[in-house]
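Here's the structure, in structure tokens; my notes come after.
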Amino acid sequence: CAPYSVAVALAMARVGAAGSTGDEMDAVLHAPEPRPDALHPALGALDRLLAAYDDPGGTGAVTPRMSTANALWPQVDLALRPQFVDTLSTCYAAAPHPVDFLHAPEPARQEINAWVSQRTAGRIPQLLSDGSISAATSLVLTNAISLKAAWLFPFPKAATTQGAFTTAAGTTVSTPMMAVPGRMLGYRDGGTWHAVRLPYVGGTLAMTVVVPRSGQLADLEATIDETWLRSLLTGFSTRTVQVRLPRWNLRQPTDLTGGLTGLGLRTAFTIQADFTAMCPVLGTHLDRVAHEAFIAVDEDGTEAAGASAVVVVPPQLPTPVIADRPFLYVIHDIATATPLFIGRVGDPTSGT
């Protein structure tokens, strides 16, 4: 996945949250204490730092080509709080793109997907799937990130050979295995695993590959948390390393709603949510968080893209059942569906 993309999209929604809804989002986003509102200028500064790496129009062969973009897509007549719009503009450079979800939800979905596709070099053309947008949608918040970068030490194509790869299921498949001869690279020995850092041209970005020495990758994944990840990415020493790595190409669309709920973001997806700092409609809440990531790795380098969309909806109006004409009634046992009394009301004023 592309965690940066997810974090930015959720942080934009956090700008509009209040009360316990905001507290839950702060916890999931690991907002700084004691001033969680510092999250937004901090992410804005990080976004500008990443943008400084970009080589607009470049191929990624000399320096990385990387871009990030944010946008908000409100229903044309949605009354958004001015402070919400201003913060998204100031901290996230997110411009509003009004659309008509109510009367044209499918064209709105296609417009959002086209924006994402353009900003991910066409690698994520359908972030929002069929049916994910409806006439009830009031706002969508989007982030897109795109990267193309060549290895500082490319893998010689002549050194790539078919090799065995053992899957998580224990089966062995044959796949092209790239190889780079001994190079001075960042290396980390974690006991049950070891890792190598593969830098990209420009020296600002790298890919770290972590390989379990034994056992299943799932065992290692179960230990991963923020502390472990930060320690991994800052704890390298330099030594001569010989690397063999498969080529791969992966696309992974994901609905993050369940995962975020499991992390503690519960109220935000219910009508008890408080997004009154976003718009004055009580009961406005998150409907879903869609995410997709793409990565392709070969001898020359890496191309990757990620996009996230937070879909916001108003509270669902209650379904009216108005008995203002003759009607039938049944008093019954629920468990056995046994009718105890049955009748009709034709005129409640006359008892008939």
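The values are calculated or read from the model by the stated rules, or taken from the named source; none is laboratory data. Just so it is clear, the structure is predicted and the values come from calculations on it, not from any experiment. Every residue, glycine among them, receives a Cβ derived from its backbone with ideal geometry; neighbour counts consider all protein chains shown. Please note that ligands, DNA and RNA were not included when accessible areas were found on the heavy atoms of the full protein model with its side chains. Shrake-Rupley method; radii C 1.70, N 1.55, O 1.52, S 1.80 Å.
Some observations on this one:
- In order along the range 289-295, the Karplus-derived 3J(HN,Hα) couplings, from 6.51 cos²θ - 1.76 cosθ + 1.60 at θ = phi - 60°, round to 10, 9, 9, 8, 10, 10, 8 Hz, and Gly and Pro are given as x.
- Rg over Rh, two decimals, the range 1-137 (C-alpha only, Kirkwood Rh): 0.99
- The range 61-143: equivalent-ellipsoid semi-axes (sqrt of 5 x gyration tensor eigenvalues, Cα, Å): 24, 19, 7
- Segment Ser134-Asp219, length gained on full extension (0.36 nm per residue, minus Cα span): 26.6 nm
- Here's the picture: a label point sits 7 Å out from the Cα of Thr166 along the beta-carbon direction, and within the range 243-275 the residues with their amide nitrogen under 20 Å of it are 243-247.
- For the range 67-223: rounded, prolate or oblate by the Cα gyration tensor [a/c cutoff 1.5]: prolate
- Most mobile listed residue (Leu250, Leu205, Leu39) in the chain, GNM with C-alpha springs under 10 Å: Leu250
- Working note: Karplus 6.51/-1.76/1.60 with θ = phi - 60° gives the range 296-301 the couplings 10, 10, 9, 4, 7, x Hz, where Gly and Pro are set to x.
- Rounded to the nearest 20 debye, dipole of the chain from Cβ charges on Lys, Arg, Asp, Glu: 1140
- Once backbone amide H atoms are built at 1.01 Å from N, Ala93 has no partners under 5 Å, excluding neighbours fewer than 5 places away on the same chain.
- Counting only protein heavy atoms and a probe of 1.4 Å, the accessible surface of the chain is 59% carbon and sulfur.
- Between 0 and 90°, nearest 10: helix 19-29 axis offset from the chain longest Cα axis: 20
- By the Stokes-Einstein formula, at 1.306 mPa s and 10 °C, the range 131-224 with its Kirkwood radius over alpha-carbon pairs has D equal to 92 µm²/s.
- Listed peptides 336-347, 78-89 appear in the order 78-89, 336-347 once ranked by packing, highest mean of other Cβ atoms within 10 Å at the front.
- Distant-in-sequence amide H partners of Thr208 (H built 1.01 Å from N, under 5 Å): Leu198
- Accessible area per residue in Å² at 1.4 Å probe, computed on the chain: 53
- Under 5 Å from the amide H of Asp287 lie the amide H atoms of Val311, Val312, Val313, each residue being 5 or more positions distant or on a separate chain, with H modelled from the backbone and absent for Pro and chain starts.
- Per-selection Rg to Rh, the chain - Cα, Kirkwood hydrodynamic radius: 1.11
- The range 142-211 and the range 276-352: distance between their alpha carbon centers, rounded to Å: 46
- Point-to-point label distance, Ser350-Val173, nm (Cα→Cβ direction, 7 Å offset): 7.7
- Whole-Hz couplings from phi, Karplus 6.51/-1.76/1.60, listed for the range 125-133; x for Gly and Pro: x, 9, 4, 9, 7, 3, x, 6, 10
- For the chain, the mean residue ellipticity at 222 nm estimated from helices alone is -7000 deg cm²/dmol, where every DSSP H run of n ≥ 4 contributes -39500 (n - 2.57) and the total is divided by all residues, rounded to the nearest 500.
- Expected-Rg normalisation [2.2 N^0.38 Å, Cα atoms] applied to the range 217-352: 2.00
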